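Enquirer: Next up is a structure, given as structure tokens.
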Amino acid sequence: MVQRVQNEVYDFGNSCKHFWKKYRTPLLVLSLLLLLSISSILRANFKYVDDIGRTVNGYRGWSNFSRYLSSFFSIFLHGDTYLTDISPLPQVLAIFVMGISSILLLHLFSNGKKITFWNILAIIPLTINPYFLECLSYKYDAPYMAISILSSIVPFLFYKKNKVLFGISSFCGLLIMCLTYQASSGIYLLLILFYAFLLYKEDTNWKKIASFILYAGVLYLGSLLVYKLFFMQPVEDYVSNTIFPLLELPGGFLRNLSTYYDLLFHDFKVEWLILIGILVIGFLVATTLTAKKHKALTFLVTLFVLACSGLVLFGIYPAFTSPLFSPRAMYGFGVFLSLVMIQISNFKQCYILKIISFALCWCFFAFSFTYGNALSEQKDYTEYRMYLVANDLNHLEIMNSQQIKQVKIVGDIGQAPVIRNMPQDYQLLNRLIPSTFGGGNVWSSAYFFSYLDLKNLTISTDDSLLELDLPVLVDTMYHEIRGDDAHIIITLK
């Protein structure tokens, strides 16, 4: 028994050594390429939504969404329970984790062949897709979002070698996913479909394929059930993690799924959608034509995999009564694209589809720079508008008193002029770039009140202040300030 364990450990060590020798160069190349892709985001040094509060107060604050491992891992990453801003380290770490995830995915679906340029190209949308860019914008959250993807991929490395180890790693990996970032809940399901499709192409008998799907499906449902029973806290805030009642579930799921796809079609440029459509249809046709036998059956199986993928790529979220519709909840679509493009990259010919894959990756690559530079423009514009308001407040006589004043902000500065001038097919920027200064939500005014060291002012959310007949103290082309010794209303134009 001891000798057997020693042999298995030895074999595992040799496998890891062989794996590292084979993939270290592709991993380095891919990581550098991905890091270059987000260089404009790193350069912008933009405090993205929650980053504002974490930077000024140092709190973790993930446990209220049951992301306990994110809170736990952050202590080690930041070296303290008080989280200081150590960017861009977390984002660089996230890129490295995504690089590992990408290589593992290629290893699963490249049939052990040498990694080619087309393979590396195919895996880029896993990380550099417009939706995951929002995840990479977070200075604090990014590495844990990446870990949730990695933990969903790793279990499939063990299926052919050891079914028990596959079960244990799936259960643990899915729990890690749930405890870091639940938006990755569709990735494991996508991998079940495409791995079963791989088994089909390897002429595995139907009984074994069905056994794999059933086994993996039970593991998925079981781990989510354990998470729900023992770890998940109910959330009823701007989103909800309450699942529809059983009778309402089919209708509610399809309505939410429809909303996700409606957002996707409005977010993506027409050119992107055309390229994606060609790739998906091309994958269906090429897979059918290159099948050595049962072409009609292969067509139906491929169509079934694509259809089911469309149902599960957003994971469990569509089943919630009030799910998160932000871009960071929709990056499962990028995983789906990479899985399709990996299949295409494995074809010996199909150069037209490979060139289209290159074109789509270039679109996403260029957009990542557009987005990062847009964040920089928004940051500069926000600081300019804030300083104008702060300067006018500083010159008011009422500010000389020590009395605490309730401040109400009305309106919003919107987007920087450069972003507003962009063509309308860049609508995704409207969702990716958050409100940075205004009265819309807590984060849109947090930077103004937390970072400018305003004296004797406190933010108010009381709408009754708007009914007060306060004198106009300042009226400019950018804002109006009304107030007295106890109240101030700032209306942004």
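The values are calculated or read from the model by the stated rules, or taken from the named source; none is laboratory data. On a predicted model such as this, the values are computed, not experimentally measured, just so you know. Note: ideal-geometry Cβ built from the backbone for every residue, glycine included; neighbour counts use all protein chains shown. Quick note on the areas: whole protein, heavy atoms, side chains included, nothing else; ligands and nucleic acids left out. Shrake-Rupley method; radii C 1.70, N 1.55, O 1.52, S 1.80 Å.
Enquirer: Taking Ser148 as the residue in question, decide whether it is hydroxyl-bearing (Ser, Thr, Tyr) and surrounded by 24 or more Cβ atoms within 10 Å (Cβ to Cβ). Walk me through how you get there before you give the answer.
Expert: Values: hydroxyl-bearing (Ser, Thr, Tyr): yes; surrounded by 24 or more Cβ atoms within 10 Å (Cβ to Cβ): yes.
Judged against the criteria, Ser148 is a match.
Enquirer: If we scan the stretch 39-50, do we find a residue that is open to solvent by 20 Å² or more (accessible area, probe 1.4 Å) and modelled with pLDDT under 95?
Expert: yes
Enquirer: Could you list, in sequence order, all residues of the stretch 388-413 that are closer than 27 Å to Gln91 by Cβ and without any contact (Cβ under 8 Å) to a residue 12 or more places away in the chain?
Expert: none
Enquirer: Are any residues in the stretch 190-221 without any contact (Cβ under 8 Å) to a residue 12 or more places away in the chain and either open to solvent by less than 30 Å² (accessible area, probe 1.4 Å) or of a type outside the set (Lys, Arg) (or both), and if so, which ones?
Expert: Glu202, Asp203, Thr204, Asn205, Trp206, Ala210, Ser211, Leu214, Val218, Leu221 - these are the residues of the stretch 190-221 that are without any contact (Cβ under 8 Å) to a residue 12 or more places away in the chain and either open to solvent by less than 30 Å² (accessible area, probe 1.4 Å) or of a type outside the set (Lys, Arg) (or both).
Enquirer: Cβ-Cβ distance below 9 Å, separation of 6 or more or different chains: which pairs start in the stretch 271-296 with a residue that is at negative phi and end on one that is outside any helix (DSSP H, G or I) and of a type in the set (Ser, Thr, Tyr)?
Expert: none
Enquirer: Among the residues of the stretch 123-142, is there at least one that is free of Cβ contacts under 8 Å to residues at least 60 places away in the same chain, open to solvent by less than 10 Å² (accessible area, probe 1.4 Å) and of a type outside the set (Ser, Thr, Tyr)?
Expert: Checked the stretch 123-142: at least one residue is free of Cβ contacts under 8 Å to residues at least 60 places away in the same chain, open to solvent by less than 10 Å² (accessible area, probe 1.4 Å) and of a type outside the set (Ser, Thr, Tyr).
Enquirer: Does the stretch 222-233 contain any residue that is surrounded by fewer than 10 Cβ atoms within 10 Å (Cβ to Cβ), under 24 Å from Leu324 (Cβ atoms) and not acidic (Asp, Glu)?
Expert: Within the stretch 222-233, one or more residues are surrounded by fewer than 10 Cβ atoms within 10 Å (Cβ to Cβ), under 24 Å from Leu324 (Cβ atoms) and not acidic (Asp, Glu).
Enquirer: Right, here's the next one. Conditions: (1) crowded, with 16+ Cβ neighbours inside 10 Å; (2) farther than 18 Å from Tyr200 by Cβ; (3) among the polar types (S, T, N, Q). Thr259 meets all but one. Number of the miss?
Expert: Of everything listed in (1) crowded, with 16+ Cβ neighbours inside 10 Å; (2) farther than 18 Å from Tyr200 by Cβ; (3) among the polar types (S, T, N, Q), Thr259 misses just condition (1).
Enquirer: Does the stretch 212-231 hold any residues that are farther than 16 Å from Pro155 by Cβ, of a type outside the set (D, E, K, R) and not in a loop (DSSP other than H, G, I, E, B), and which are they?
Expert: If we filter the stretch 212-231 for residues that are farther than 16 Å from Pro155 by Cβ, which is where we start, we get 225, 228-231.
Then keep just the ones that are of a type outside the set (D, E, K, R); that gives 225, 229-231.
Within the stretch 212-231, Leu225, Leu229, Phe230 qualify.
Enquirer: I'd like the full set of residues that are under 17 Å from Tyr181 (Cβ atoms) and either part of a helix (DSSP H, G or I) or in contact with a Ser or Thr (Cβ under 9 Å, 6 or more places away or on another chain) (or both), limited to the stretch 320-349. Steps first, answer last, please.
Expert: From the stretch 320-349, those under 17 Å from Tyr181 (Cβ atoms) are 320, 323-335; that's our starting set.
Answer for the stretch 320-349, where residues must be under 17 Å from Tyr181 (Cβ atoms) and either part of a helix (DSSP H, G or I) or in contact with a Ser or Thr (Cβ under 9 Å, 6 or more places away or on another chain) (or both): Phe320, Pro323, Phe325, Pro327, Arg328, Ala329, Tyr331, Gly332, Phe333, Gly334, Val335.
Enquirer: While we're looking at this one, here's another question. List every residue pair whose Cβ atoms lie under 7 Å apart, where the two residues are 6 or more positions apart in sequence or sit on different chains, the first residue falls within the stretch 44-70 and is farther than 17 Å from Ser137 by Cβ, and the second residue, located anywhere, is open to solvent by 10 Å² or more (accessible area, probe 1.4 Å) and basic (Lys, Arg).
Expert: From residues that are farther than 17 Å from Ser137 by Cβ, there are no pairs.
Enquirer: Can you tell me which residue is surrounded by the fewest Cβ atoms within 10 Å (Cβ to Cβ) among those in the stretch 158-189 that are under 27 Å from Val239 (Cβ atoms) and β-branched (Val, Ile, Thr)?
Expert: Step by step, filter the stretch 158-189, then rank; the result is Ile176.
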